[in-house]
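The block underneath contains the structure these notes are about, expressed in structure tokens.
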Amino acid sequence: MKEFKSAFRPSIMEYLEFRSAMGYSNEHEQQLQHFDRYCYEHCPEQTELTKEVVRGWFYDEIARGRSCLSSKATAIRLFAKYLGVSAYILPMSCVPKTPDYLPYILTDSELAALFHAADTMEYKNDPFFRETASVLLRLLYSCGLRPNEGRNIKLEHVNFKTGELFITKTKRRKERIVVASDDMLLLLKKYRSQRAIFDKGNEYFFIHTDSSALKSWQLTALVKSCWAAAHPEVDPKLLPRLRPYDLRHRFASTVLQRWMDEGRNLYAMLPYLRAYMGHEKFSDTAYYIHILPERLMVSPGVQWENIDRIGMEVDIWAR
């Protein structure tokens, strides 16, 4: 757990322990550390979560051009709700509006190039990270996992006989089981044998040098580096933005395209995709139909009247 120094330290640690006991991830810890640091520097004796303290910190984050403002607002709001009626709850209207991010759907060649970059990049501070990067990125894509679900998966949650993955670090604590393909399972088994050489009692499947799960920013930096390495002839600043989450988007797009090629009714098939991907709302799954390539949007397999009311072809295993 991160170090906290302000007078809010006991309350923050108690809150994080409560979230952990309830089965939630530790995603708010880093955001609350920013808040704690601000309080330690500007109001070290403050123990009441007042409007002045909360807005003072949040507006300072905005003024400094800091990122993840929505996540920070959510973290401080939930912390306030935990503290009780006397704590000030920051309105979400205080978060500056940002343009909606349109997922980038990788082409077959781009996906293959991304995996090749992960397979060949040098990681000076962690010689085993190349193996981790190769397997983790393929797992995110082939199983359609959220980035947080993939990097936080534990060794005990992988069934190496059946290929079943017990996914626990999910949105709203909705646990589920997904099944890896035979090719993916072979990679997982190979990685398990290799990680035994470097493992120091790490409970997480994808190990890192500090014996903890990969951080969100580390996975983001990995994808960004591989994306740039896959296009050496292009200035990285001119490349389309690619996030780890886009591998999940590509998975959904691939499944939908395969079903359409098979002549299936997408509206009838969406509940299966919804359950596999762990979506709470049907509309979250139906969203992927709206970002399909234009040539597929006019397919008779897409029944827009119904939609509006609500296995991969790339050889990703070659290394």
Would you please list the contacts, defined by Cβ atoms under 7 Å and residues six or more apart or on different chains, that run from a residue in segment 86-102 that is over 23 Å from Pro240 (Cα atoms) and in a loop (DSSP other than H, G, I, E, B) to a residue that is among the hydroxyl-bearing types (Ser, Thr, Tyr) and at pLDDT 80 or above? Tyr88/Thr50; Val95/Ser70
Those residues of segment 257-283 which are modelled with pLDDT of 70 or more and hydrophobic (A, V, I, L, M, F, W, C), in sequence order: Trp259, Met260, Leu266, Ala268, Met269, Leu270, Leu273, Ala275, Met277
Scan segment 28-42 and tell me whether some residue there is crowded, with 17+ Cβ neighbours inside 10 Å, closer than 25 Å to Trp217 by Cα, acidic (Asp, Glu) and in contact with a Leu (Cβ under 8 Å, 6 or more places away or on another chain). yes
Evaluation of Met260 against (1) part of a helix (DSSP H, G or I); (2) surrounded by fewer than 14 Cβ atoms within 10 Å (Cβ to Cβ); (3) aliphatic (A, V, I, L, M) (one fails), failing number: (2)
With the structure loaded, tell me whether Pro103 is on the phi < 0 side of the Ramachandran plot and surrounded by fewer than 17 Cβ atoms within 10 Å (Cβ to Cβ) or whether it fails that test. no
Of the numbered conditions (1) small (Gly, Ala, Ser); (2) at pLDDT below 70; (3) in a loop (DSSP other than H, G, I, E, B), Ala286 fails exactly one; give the number of that condition. (3)
Is at least one residue of segment 221-241 buried (at least 16 other Cβ atoms within 10 Å of the Cβ), within 30 Å of Glu29 (Cα to Cα) and not hydrophobic (A, V, I, L, M, F, W, C)? yes
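Residues checked against (1) under 21 Å from the mean Cα position of the chain (by Cα); (2) assigned to a helix (DSSP H, G or I); (3) at pLDDT 90 or above:
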site: Arg172; (1), (2), (3): yes, yes, no
site: Asp183; (1), (2), (3): no, yes, yes
site: Ile197; (1), (2), (3): no, yes, no
site: Gly201; (1), (2), (3): no, no, no
site: His208; (1), (2), (3): yes, no, no
site: Ser211; (1), (2), (3): yes, no, no
site: Trp217; (1), (2), (3): yes, yes, no
site: Lys224; (1), (2), (3): yes, yes, yes
site: Trp227; (1), (2), (3): yes, yes, yes
Hits in segment 116-130 (condition: in a helix (DSSP H, G or I) and either surrounded by fewer than 23 Cβ atoms within 10 Å (Cβ to Cβ) or in contact with a strand residue (DSSP E or B) (Cβ under 6 Å, 6 or more places away or on another chain) (or both)): His116, Ala117, Asp119, Thr120, Arg130
Over segment 72-95, the set of residues within 27 Å of the chain's Cα centre (by Cα), over 19 Å from Glu17 (Cα atoms) and surrounded by 12 or more Cβ atoms within 10 Å (Cβ to Cβ) is Ala73, Ile89, Leu90, Cys94, Val95
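The values are calculated or read from the model by the stated rules, or taken from the named source; none is laboratory data. Owing to the predicted nature of the structure, the values given are computational and were not obtained by experimental measurement. Reconstructed Cβ throughout: ideal geometry from the backbone, glycine too, with neighbour counts over all protein chains shown.
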